[in-house]
Structure formats: structure tokens, C-alpha cells
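Down below is the structure, laid out as C-alpha cells.
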Amino acid sequence: MTADERRPLRSAISHSTPDCITVRGLDLAADLMGKVDLGEMAFLELTGRLPGEGESVVFNAMLVALVEHGITPSTLAARLTYLGAPEALQGAVAAGLLGLGSVFVGTIEDSAHMLQDALTGVSAGAELEPIASGIVRDYGERRRHIPGLGHPIHRAGDPRTERLFALAGEHEVAGRHVALMHLVAVASTQQSGRQLPINVTGAIGALASDLDLPWSICRGLGIMARAVGLVAHLSEEMHHPIAAEVWRRADAEASEADPDAT
């Protein structure tokens, strides 16, 4: 490929001059710093525009909901990595982020994908109940768990979900993706005979879809938010460490002879 055949390298996100940093067409220092919060900045970076007032409230709440959930596998991974490499905070954060997959946080992407695929090409006035029933039937036939439903701890209902949907309703952000997610939960209960409430990742997948975020970047919302929580866990680990104790106890207990072994 010759130099004339190569495509020019371009990015529409940001560029700098000696006296100005421009982000999505806005002056970082003059237009953004001190005027927008971190959630609004993230929305701008992802969509190319600043959110409206209601969108800002809901989007920030979505991120806040994902920052922290206690001692999870990802926080343990971060703490244990820091124990082995305290000189590299970024490595410990990265270790925690690598654990965000199909079980933890990744279902934001899966639920958004499910909802967006289901409504692609569907007219605005189409009934959603048959679509929801079709989703549940399809997942059942494939023996797959419907993403965004159920939670190992919040079995009766995820308090984060309730708050997010309340805010979305108050600020008129919820749309057809949220409505479809509710109907999927209803249809799933009817088919299975057991209650599987919408969890926070299902709620965020639906809300992100109604905010016109493509499903392919929705896992990134969890990555952005959880990075904040991981830094906090590492800060705590520096002053009140538990990783060494976790390691010692796991090693000792896992190495004990099994009294039932023959």
C-alpha cells in the first residue's frame, strides 16, 4: 500500500493546540471544566453531545449504581494483585476489571443486545407483549438464562433497579426498551412459575438502549464505574489490608486433608 492509498488517520473526539484542548468540539478548560460532572463528560465522550438535564440525572445514577458492590471476585482480584505488585496500582485495577464478564457487569451488554435486536425494525406502534413472549420462548428453547433477570443476593428485587426506573420515569427517559424489559420479566415469571426480578444490569441495559447507546459499548459503562470502586478498595487495602489474610487462609484451608477422602 502506497502513502497515497492509505486512509488518513482521524479522530473526532479530541485534538490539542498549544493553547487549547478541544473535546467533541468544546473547549475543555473553558466549556467543560467546572461546568460538567464526570458522568456528563462520559456521556459527551460516548455520544458526541452533552446530555439533557434528565438524561444527566439518569446516566449519572446508572454509573453510581455500578461503582460498588462489596467484596466481589473483581475486588479480590485487585487486592490480591496489589499484594503481589504494590508498585503498580494500575495493574491491580486492571486485574479487577478483567473479571468483569458474563457473570459480573457484562450482562449490561447482553441485556442491551437482547432488547436492541428485538426492537430493530419494529414500528413505534407495535405491540411489545408478543415480542417479550418471543424472547422468553427463544431463551427457553435454547436453555439460556435471560440476561438482566434475577440476582443471587437481591432475590426479592434489586433496590438499584427500583431507584433507576423511578428516576427514569420522573425525568421521562424511559422508553420502549425499558417497557420491553418489564414485559420480558413478566413473561418469564409466567412461563417459569418463579419470580425473577429485573436486576441492575438489566435496568441499565434497557436505559442505555433508550439513551441510544449501542449495545456493543454498554459493558464499558460497568468498566468505567467499577474502576472507581476498585481504586477505593485498593486505597483501603493500603491502610487496612485483608489480601494477605485471604491468601493465607485460602492456602491453609485448601491444603487441609479432606477427612472424607479415601
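The figures follow:
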| item | result |
| --- | --- |
| Exposure proxy order (Cβ contacts within 10 Å, fewest to most) of LEU211, LEU100 | LEU211, LEU100 |
| Distant-in-sequence amide H partners of SER14 (H built 1.01 Å from N, under 5 Å) | ARG24 |
| Within the chain, longest stretch clear of exposed trypsin sites (Lys or Arg not before Pro) (DSSP loop, no more than 14 other Cβ within 10 Å) | 50-141 |
| Shape call, region 198-262: gyration tensor on alpha carbons, a/c limit 1.5 | oblate |
| Residue order, fewest to most beta carbons within 10 Å, for PHE104, PHE165, PHE59 | PHE104, PHE165, PHE59 |
| Residue exposure sequence - THR47, THR75 - by fewest surrounding Cβ within 10 Å | THR47, THR75 |
| Built amide H within the under 5 Å cut-off of ASN199, gap 5+ | LEU149, GLY150 |
| At 0.692 mPa s and 37 °C, Stokes diffusion of region 164-235 via Kirkwood alpha-carbon radius, µm² per second | 240 µm²/s |
| The chain - charge dipole about Cα centre, Lys and Arg +1 at Cβ, Asp and Glu -1, debye rounded to 20 | 420 debye |
| Helix-only CD estimate at 222 nm, as mean residue ellipticity for the chain, using -39500 (n - 2.57) per DSSP H run (n ≥ 4) | -18000 deg cm²/dmol |
| Alpha-carbon Debye profile of region 1-126, log10 I(q)/I(0) at 0.10 Å⁻¹ | -0.58 |
| Rule-of-thumb Rg ratio for region 107-217 [Cα; 2.2 N^0.38 Å; N residues] | 0.98 |
| Histogram of C-alpha separations across the chain, 10 Å bin width, % | 6, 24, 27, 23, 14, 5, 1, 0 |
| Mean projected area (nm²) of the alpha-carbon convex hull when region 55-133 is viewed from all directions | 7.7 nm² |
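Bear in mind these aren't lab numbers, they're just calculated from the coordinates by the rules spelled out. Just so we're clear, the structure is a prediction, and the values are computed from it rather than from any experiment. Quick reminder, even Gly has a Cβ in these numbers, built from the backbone with ideal geometry, and neighbours come from all protein chains shown.
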